[in-house]
Amino acid sequence: MNQPATVSAALPVPRSAAGPALVLLALAMGGFSIGTTEFAAMSLLPQFAPALGVDEPMAGHVISLYALGVVIGAPLIAVLGARLPRRSLLVGLMVVFAVANGLSALSPSYGWMLAFRFLSGLPHGAFFGVGALVAASLVPRERRAQAVSRMMLGLTLATVVGVPLANGLGQVVGWRWGFGLVALLASATVVLLLAFLPHEPGDRHASPLRELGALRRPQVWLALGTGAIGFGGLFAVYTYLATTLVEVTGVSPAMVPVALAVLGVGLTAGNLLCAWAADRAQMPAAAITLLFSAVMLALYGWAAQSLWTLLPVLLLIGMGGGLGAILQTRLMDVAGDAQTLAAALNHSAFNAANALGPWLGGLAISAGYGWTSTGWVGVGLALGGLAIWMLSWWLDRR
């Protein structure tokens, strides 16, 4: 099957005295900021829920509104900003992100918190989408997934360092400081982007109509569907992990950052390993990752009874997060010349999963199936994503 020209061939290689490594560092710092707020909000759920006068399943809507912001913002910004210089677009997105997280830290009520988290989510997908295109343009085609994974390393390292730090701050000095920390990290990202990203002119041939052309490609929709469904299991477990640790595993809240860091180590390792595999055998790599995730999520309920069984299972569940780098490069292959929208939509898909997973997990908990029922919700979602991916693979081989 003939594949469309990929982003590595279509985009100019950024010219910067700072060098590709520092360009990737600036992009990774943005990922670190975004990853910290995305996952820390889940870990801070038990703290801000009572402060805002709602129960935890209701507070889970804060997570879903952030994800909805990503789902809406990614395609909208990608289409409207397709002609803008990528440096200017990335800086502008991170400025909005910093302000929105600062406002989240100051939320006076649950309603305002919902609004500010929605606003915080708007730049998320477009930043990662445009950043992935810049990262992929720095290297030969056969190393695209690994370049994207190095940009995404910021997001996964956030789950090791940023999220436990934000959670610890929340426990010691209050949950608002967790969001304030993200505003500071985003501000630092703006400085790095201005310092290291080269200025390149925008694509004068880009247009909203050309970008929307990606939506006419069935393989684009199948890749997005794989992420939107298949990744939901990780978010279903992650959102309610803090309470599960206290209520089921029976550990003190002080152990929550440790467990989050372990899962983050798994995300980081999975990101690097899956990217390496994707550059060699993209389609099998995604199928194996989804099947592996389903098996690990099935072990979650059993493992949660003891911290010593839960920690290694959390590590392995986290490794399933490497699916992101695989799907990012898959979209580069199937999107043709509508690269910006397709790359951004990848993060809309993952945040559709971020909305779907916590919602279904909350329904299972509210129905009385217990905190660990989120693991079985995750199994169903991972297998659903696998079914979509196998359909895509079958169509490729026809």
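Tabulated data for the structure shown
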| quantity | calculated |
| --- | --- |
| Meets criteria (open to solvent by 10 Å² or more (accessible area, probe 1.4 Å), within 24 Å of Arg280 (Cα to Cα), modelled with pLDDT of 90 or more and assigned to a helix (DSSP H, G or I)) for Leu192 | no |
| Wholly within the stretch 72-153, helices (runs of 4 or more DSSP H) carrying at least 1 residues that are at pLDDT 85 or above and open to solvent by 10 Å² or more (accessible area, probe 1.4 Å) | 86-105, 110-121 |
| Members of the stretch 117-175 found to be touching a helix residue (DSSP H, G or I) at 6+ places or on another chain (Cβ under 7 Å) and of a type in the set (Lys, Arg), listed by number | Arg117, Arg141, Arg144, Arg150 |
| Some residue of the stretch 164-187 being on the phi < 0 side of the Ramachandran plot, of a type in the set (Val, Ile, Thr) and open to solvent by 40 Å² or more (accessible area, probe 1.4 Å) | yes |
| Residue check for Thr243: in contact with an Asp or Glu (Cβ under 8 Å, 6 or more places away or on another chain) and either open to solvent by 10 Å² or more (accessible area, probe 1.4 Å) or closer than 20 Å to Trp302 by Cα (or both) | yes |
| Helices (runs of 4 or more DSSP H) wholly inside the stretch 310-398 containing at least 3 residues that are within 15 Å of Ala236 (Cα to Cα) and β-branched (Val, Ile, Thr) | 373-397 |
| Selection count, the stretch 185-199, where residues are over 23 Å from the mean Cα position of the chain (by Cα) and of a type outside the set (A, V, I, L, M, F, W, C) | 2 |
| Test result for Gly170, under 17 Å from Glu38 (Cβ atoms), among the small types (Gly, Ala, Ser) and within 16 Å of the chain's Cα centre (by Cα) | no |
| Sole residue being closer than 25 Å to Asn271 by Cβ, at pLDDT below 85 and not charged (D, E, K, R), chosen from Leu181, Leu165 | Leu165 |
| Matching residues in the stretch 214-251 - criterion: being among the small types (Gly, Ala, Ser) and assigned to a helix (DSSP H, G or I) | Ala214, Ala223, Gly225, Gly227, Ala228, Gly230, Gly232, Gly233, Ala236, Ala242 |
| Of all residues in the stretch 203-228 being touching a Ser or Thr at 6+ places or on another chain (Cβ under 8 Å) and at pLDDT below 85, the one that is farthest from Asn346 (Cα to Cα) | Ala206 |
| Pair list, Cβ < 7 Å and 6+ apart or interchain, from the stretch 27-44 residues that are free of Cβ contacts under 8 Å to residues at least 24 places away in the same chain to residues that are open to solvent by 10 Å² or more (accessible area, probe 1.4 Å) and of a type in the set (Ser, Thr, Tyr) | none |
| Checking Ala51 against (1) more than 19 Å from Ala132 (Cα to Cα); (2) without any contact (Cβ under 8 Å) to a residue 60 or more places away in the chain, the condition it does not meet | (2) |
| In the stretch 289-308, the residues that are free of Cβ contacts under 8 Å to residues at least 60 places away in the same chain and open to solvent by 30 Å² or more (accessible area, probe 1.4 Å) | Phe292, Val295, Trp302, Gln305, Ser306, Trp308 |
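The values are calculated or read from the model by the stated rules, or taken from the named source; none is laboratory data. Note that the structure is predicted; figures quoted are calculated from it, not measured. Every residue, glycine as well, gets a Cβ built from its backbone with ideal geometry; the counts of neighbours run over all protein chains shown. For the accessible areas, the whole protein counts, side chains as well, though only heavy atoms, and no ligand, DNA or RNA atoms are used. Shrake-Rupley method; radii C 1.70, N 1.55, O 1.52, S 1.80 Å.
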